[in-house]
Amino acid sequence: MDALGGVVVIDKPGGLTSHDVVGRCRRIFKTRKIGHAGTLDPMATGVLVLGVNRATKLLGLLSLSTKSYDATIRLGASTSTDDAEGDVTSSADASLITANEYGPTVEALTGTIKQVPSAVSAIKVAGRRAYDIVRSGEEVELAAREVIVSRFAVHGEHRDGGYLDLDVTVDCSSGTYIRALARDLGAALGVGGHLTRLRRTNVGDLSLTDALTLDELAEVPKLSLSLDEAASRLFPVRLISDSEAGVLRHGRWLEPTGIGGVYAAVAESGQAIALLEERGRRASPVFVIRPSGLA
């Protein structure tokens, strides 16, 4: 693999942390220069976006503000982690709850809402991860934050003794906790709730159709998107001349064109030269993909 690298979209299996996946991919691609954009809980499966080699510098600039999930929420029990990996802290019979009852609550949890993240989230409190604080036996209180749940749809229900399991699809902003939706749905209905299944299907413009399994990668290491493909697909594109490409390769700036946000400057050859952002009278590089001396 060349020094540029690219983006790998992993279909993460359950039981592994995001860091575990990075470790495996470092061995598969034989490079330490691999990072991930956002994490998935060990229980969760689905889309995990990795950057390889120079593409690691792309990760923090990606617009991955929207995410989609398929999940199963179990009504009838609360747990210490708001998912199936925690201890049951309370339970109540949810077998008689109907769509007429849970429907309005699901609707109330849709749109722009205030959500208190799960206590076992990776949010830092005074420099420590919330889940580390909880695991040490201490209590943690997290402030509510505004998130956007653009879709919270129930498309299946299953009854198991005193439990009611709801299969749901959620489209939401980054920073939304699906475990917290399960917790809050159960709390509002007075029976408790937690997550038993979570699969991320989309992150920004990347989806499971782009994803590779770890077994597939171990057999044939390959990128989901080259760095050129990632820049052109995941950012707005500004086509530039060869002379403009030369200017950018030396870290200098171009005249602005009125494009908002971070965008890719792509040469006529299709090579991505830099990511730019316009401020005042300059379109300045925030990441030079192909600096002078790198083909």
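The values are calculated or read from the model by the stated rules, or taken from the named source; none is laboratory data. Everything quoted here is computed from the prediction, not taken from an experiment. We place every Cβ from the backbone using ideal geometry, glycine too, and count neighbours over all the protein chains shown.
Within segment 149-161, one or more residues are modelled with pLDDT of 95 or more, surrounded by 20 or more Cβ atoms within 10 Å (Cβ to Cβ) and outside the structural domain of T39 (by TED's automatic domain parsing).
Listed here are the residues, each with its yes/no results for (1) assigned by TED's automatic domain parsing to the domain that holds L214; (2) closer than 14 Å to S224 by Cβ; (3) among the aromatic types (F, W, Y); (4) surrounded by 15 or more Cβ atoms within 10 Å (Cβ to Cβ).
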{"position": "L16", "(1), (2), (3), (4)": "yes, no, no, yes"}
{"position": "D20", "(1), (2), (3), (4)": "yes, no, no, no"}
{"position": "I28", "(1), (2), (3), (4)": "yes, yes, no, yes"}
{"position": "H36", "(1), (2), (3), (4)": "yes, yes, no, yes"}
{"position": "L48", "(1), (2), (3), (4)": "yes, yes, no, yes"}
{"position": "T72", "(1), (2), (3), (4)": "no, no, no, yes"}
{"position": "V88", "(1), (2), (3), (4)": "no, no, no, no"}
{"position": "P104", "(1), (2), (3), (4)": "no, no, no, no"}
{"position": "G111", "(1), (2), (3), (4)": "no, no, no, no"}
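For segment 83-106, the set of residues classified as under 22 Å from the mean Cα position of the chain (by Cα) and either closer than 10 Å to G193 by Cβ or touching a residue at least 60 places away in the same chain (Cβ under 8 Å) (or both) consists of D83, A84, listed by residue number. Scoring G23 on the criteria (1) at pLDDT 95 or above; (2) of a type in the set (G, A, S); (3) not in a helix (DSSP H, G or I) leaves a single failure, condition (3).
Restricting to segment 166-177, and then to whatever is within 24 Å of D93 (Cβ to Cβ) and surrounded by 19 or more Cβ atoms within 10 Å (Cβ to Cβ), can you tell me which residue is farthest from the chain's Cα centre (by Cα)? Let's see the steps before the verdict.
Kept after step one, since they are within 24 Å of D93 (Cβ to Cβ), are these residues of segment 166-177: 166-168.
Still in the running and surrounded by 19 or more Cβ atoms within 10 Å (Cβ to Cβ): 166, 168.
Working: L166: 23, V168: 18 Å.
By that ranking, first place goes to L166.
If you check every pair at least six apart or on different chains, which have Cβ atoms under 7 Å apart with a residue in segment 224-238 that is in a helix (DSSP H, G or I) first and a residue that is among the basic types (K, R) and crowded, with 19+ Cβ neighbours inside 10 Å second? Note: pairs meeting the criteria are L227/R54. Could you figure out which of (1) touching a helix residue (DSSP H, G or I) at 6+ places or on another chain (Cβ under 6 Å); (2) surrounded by fewer than 17 Cβ atoms within 10 Å (Cβ to Cβ); (3) small (G, A, S) isn't true of G190? Here G190 clears every test but (1). Test T45 against the stated conditions and say whether it is within 20 Å of D70 (Cα to Cα) and touching a Lys or Arg at 6+ places or on another chain (Cβ under 6 Å). Considered against the rule, which asks whether it is within 20 Å of D70 (Cα to Cα) and touching a Lys or Arg at 6+ places or on another chain (Cβ under 6 Å), T45 comes out as yes.
Taken as a whole, segment 207-218 holds at least one residue that is among the polar types (S, T, N, Q), in a helix (DSSP H, G or I) and within 17 Å of the chain's Cα centre (by Cα). I'd like to check something: does segment 64-82 contain any residue that is in contact (Cβ under 8 Å) with a residue 60 or more places away in the chain, of a type in the set (F, W, Y) and in a strand (DSSP E or B)? Yes, because at least one residue in segment 64-82 is in contact (Cβ under 8 Å) with a residue 60 or more places away in the chain, of a type in the set (F, W, Y) and in a strand (DSSP E or B).
Kindly check whether there is at least one residue in segment 266-276 that is out of contact with any helix residue (DSSP H, G or I) (no Cβ under 9 Å at 6 or more places or on another chain) and either surrounded by 18 or more Cβ atoms within 10 Å (Cβ to Cβ) or at pLDDT 95 or above (or both). Taking every residue of segment 266-276 in turn, none turns out to be out of contact with any helix residue (DSSP H, G or I) (no Cβ under 9 Å at 6 or more places or on another chain) and either surrounded by 18 or more Cβ atoms within 10 Å (Cβ to Cβ) or at pLDDT 95 or above (or both).
It is to be established whether one or more residues within segment 216-237 are farther than 28 Å from K12 by Cβ and of a type outside the set (V, I, T). Yes, there is a match, as at least one residue in segment 216-237 is farther than 28 Å from K12 by Cβ and of a type outside the set (V, I, T).
Restricting attention to segment 178-206 and to residues that are β-branched (V, I, T) and over 11 Å from the mean Cα position of the chain (by Cα), the residue that is farthest from D93 (Cα to Cα) turns out to be I178.
When G15 is tested against (1) out of contact with any Lys or Arg (no Cβ under 7 Å at 6 or more places or on another chain); (2) on the phi < 0 side of the Ramachandran plot, exactly one condition is not met: (2).
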